[in-house]
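Reviewing the structure listed below.
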Amino acid sequence: MDRQLLEPSRMDGELTHRYDSAGRPVALLPARCKLGRHTLGHSRFRAVVRDGEVHISCLACATDNASWRLAVTTPAPDSAELSDERYFELRAQRALTAVGGDGA
Ligand SMILES: [Zn+2]
């Protein structure tokens, strides 16, 4: 097992997807950059799939710390859309980790 790859402090979560009306998977990407400063619209971010992860970088922040890292557990869908819900879910998980992570 490659446990290092699953460090919660480095990985933000898993890439999720929904199915469109034609039954095709559509990847859901966070609609805001990781620092929460910018809304990620068309050509405002770069998504790169590499080694089983997708890295979503905010072009406005332009730092590695501002990149979402999401594990890709299924073949990457051909299309993607931005999801506010997905963003809030990830932010909530990060908050929970911070609260429950003492002494871990
Ligand atoms: Zn940003």
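When the range 47-63 is filtered for residues that are β-branched (V, I, T) and within 16 Å of L90 (Cα to Cα), the ones remaining, listed by number, are V54, I56. The residues of the range 13-36 that are surrounded by 20 or more Cβ atoms within 10 Å (Cβ to Cβ) and part of a loop (DSSP other than H, G, I, E, B), listed by number, are L15, C33, K34. Within the range 63-80, the residues that satisfy the criterion of being more than 16 Å from the ligand (Cβ to nearest atom), over 12 Å from the mean Cα position of the chain (by Cα) and assigned to a loop (DSSP other than H, G, I, E, B) are T73, T74, P75, A76, P77, D78. Looking across the range 52-79, just one residue is closer than 20 Å to Y19 by Cβ, of a type in the set (A, V, I, L, M) and modelled with pLDDT under 90, and that is A76.
Candidates in the range 47-62 are the residues that are over 12 Å from the mean Cα position of the chain (by Cα) and near the ligand (Cβ under 9 Å from one of its atoms); of these, the one that is surrounded by the most Cβ atoms within 10 Å (Cβ to Cβ) is C61. For the range 17-46, the set of residues classified as more than 26 Å from A95 (Cβ to Cβ), more than 16 Å from the ligand (Cβ to nearest atom) and not charged (D, E, K, R) consists of Y19, S21, A22, G23, P25, V26, listed by residue number.
The values are calculated or read from the model by the stated rules, or taken from the named source; none is laboratory data. Small disclaimer: the values here were computed from a predicted structure and weren't measured. Here Cβ is always computed from backbone atoms with ideal geometry, including for glycine, and neighbour counts include all displayed protein chains.
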